[in-house]
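In what follows, a structure is listed as structure tokens, so that the remarks can point back to it.
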Amino acid sequence: MESVIRDAFKEAVSPDPPEEAPAAAEEPVAETTETKTETKVETPGPVPYERFTEVNNRAKDYEQQLAQLRPLVEAHQSVINHCQQYGITPEKFSYWMGIAALDESDPIKAREALAPKIQSYQALTGEVIAPDLQKAVDEGSLSLDYARELTKARGATQLAQQNQARQAQTWQTQQQQRLVREYEQTMETWVANKTKLMPEFKPKADPNAKDGSFEFFLKMFETEVKNAGIRAPADIVKVADQVLASLNDFKQSGIPRPAAQKGIRSSTSTAAVKAKPQTLEEVVRNRYAELTRV
């Protein structure tokens, strides 16, 4: 913009012409024409039809790509849900996918890789007797059939314990995910409501810009919420309100106050007066401590 204005109002560098009426009249005409030309450049015109068509076609391409990727995303999510439901860890998933690949490419190696699993299955069915029971059978103190029944009973008990632990772990994971979703929704609603009341309370548009009240609130909130003993969404709201209140108190404390009138000095010792906070963080933390003090 500076270059446009500078060029539009730049004076001629040629020597002054003789004092003639036509020469004096030509300069304003040149400046007016140049100014009008620059003004036309600055005025935005209508969007060309070709550009409109290009943007419209690109949007349609994005929609088609999204439609093609949606089944893949849904399939991926279904696999994740299946693994979480049955407690399939990433290690187990990788193991069985490797077995499936070997089954197609080299069944002999697949059988070798499955040997430990097959032995554990045989122990559950009593086909392979436990070492201590096998020793009792060899010594003649236990029959083979009874040793097999005992091995099967042990395997059933072990399997039941594994299933119980898996179900407990699955339930705990689901509960944690549910709480996380509730906490996130609670904070989103809280921030949206506060933004309506305080339009300036919002994330900065430029990541490289200086942090504002919203960013400082987040830093304080993340620190305090870790030690708040959160048990329900209402606890999240309570911590957020207290942190925001302490931040607002600091803003109000920054307003100039009338100077104290000179008069009779108080007998209170100046040493007993609490030291004034020197930084923003000290002010907010002190105020937060007062609000949370029981």
Of all residues making up the stretch 206-228, the number that are free of Cβ contacts under 8 Å to residues at least 24 places away in the same chain and either closer than 20 Å to Arg181 by Cβ or surrounded by 17 or more Cβ atoms within 10 Å (Cβ to Cβ) (or both):
7
Could you run through the stretch 166-188 and say how many residues are of a type in the set (D, E, K, R) and surrounded by fewer than 12 Cβ atoms within 10 Å (Cβ to Cβ)?
3
Exception for Lys210 within (1) not in a helix (DSSP H, G or I); (2) not β-branched (Val, Ile, Thr); (3) not assigned by TED's automatic domain parsing to the domain that holds Val239 falls at (3)
Where in the stretch 39-154 are the helices (runs of 4 or more DSSP H), entirely inside, with at least 2 residues that are of a type in the set (Asp, Glu) and over 29 Å from Gln174 (Cα atoms)?
49-85, 90-105, 131-139
Some residue of the stretch 136-148 being aromatic (Phe, Trp, Tyr) and either closer than 30 Å to Ala234 by Cα or assigned by TED's automatic domain parsing to the domain that holds Val237 (or both):
no
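The values are calculated or read from the model by the stated rules, or taken from the named source; none is laboratory data. Just so we're clear, the structure is a prediction, and the values are computed from it rather than from any experiment. Counting neighbours? That spans all protein chains shown, and the Cβs are built from the backbone with ideal geometry, glycine included.
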